[in-house]
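Since every read-out is calculated from the coordinates, none of them should be taken as a lab result. From a predicted model like this one, the values you see are computed outputs, not experimental measurements. All Cβ positions, even for glycine, are placed from backbone atoms using ideal geometry, and neighbour counts span all protein chains on display.
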Amino acid sequence: MQVLVNSDNHIEASLDFMTAIGKRVEDKIKRFEEHLTRVEVHLSDENAHKGGTLDKRCLIEARQKGRDPISVSHNADHLEKAIEGAIHKLSTVLERDISKTRPH
């Protein structure tokens, strides 16, 4: 499973930060690894340099083997909260979606 992390021009993120996010995502969804080919994480600041609440966004798209991709997003006032919220949502959606395909 490949994990790619991208950010828009308004998010100042070092390579170490991006790598750490990729690792966090990978660790949280590792149990679904056999069902996934690629996961893309997109970080953005929807208000750019202006202030505002819930303007940090994390969108995660998971590409499943032989199935349609799943995407989730979470907005928060801090990037870390947006990332954690999106990871949690993705884990929940993957659990529900993959459990439907398992034989009973």
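Between beta-carbons, use under 12 Å as the cut-off and find the net charge around ARG38, counting Lys and Arg +1, Asp and Glu -1.
So the surrounding residues net to -2.
Would you mind telling me the antiparallel percentage of the DSSP bridges in the chain, rounded to 5?
Counting DSSP beta bridges with both partners in the chain, the antiparallel share is about 75 percent.
Using +1 at the Cβ of each Lys and Arg and -1 at the Cβ of each Asp and Glu in region 34-79, identify which of GLN64, THR53, HIS42 lies farthest towards the dipole's positive end.
It is GLN64, whose Cα lies furthest towards the positive end.
Between GLU84 and ILE11, how many nm apart are label points set 7 Å from Cα along the C-beta direction?
So the two model labels end up 1.7 nm from each other.
Once you've got the Cα coordinates, tell me which of LYS56/LYS81; LYS28/LYS81; LYS28/LYS56; LYS65/LYS100 are over 18 Å apart.
Flagged as over cut-off: LYS28/LYS56.
Fewest Cβ neighbours within 10 Å first, please rank LYS28, LYS100 accordingly.
Going from sparsest to densest Cβ surroundings: LYS100, LYS28.
For LEU59, what charge total do you get from the other residues with a beta carbon under 12 Å from its beta carbon, if Lys and Arg give +1 and Asp and Glu give -1?
Counting the neighbours of LEU59, the net charge comes to -1.
Quick check: from the Cα gyration tensor, does region 56-104 come out rounded (a/c under 1.5), prolate or oblate?
Prolate.
Beyond 17 Å, what share of the Cα-Cα pairs of the chain remains, rounded to the nearest whole percent?
50
Tell me what the chain gives for mean residue ellipticity at 222 nm when only DSSP H runs of n ≥ 4 count, each as -39,500 (n - 2.57), the sum divided by the residue total, rounded to 500 deg cm²/dmol.
Computed mean residue ellipticity for the chain: -12000 deg cm²/dmol.
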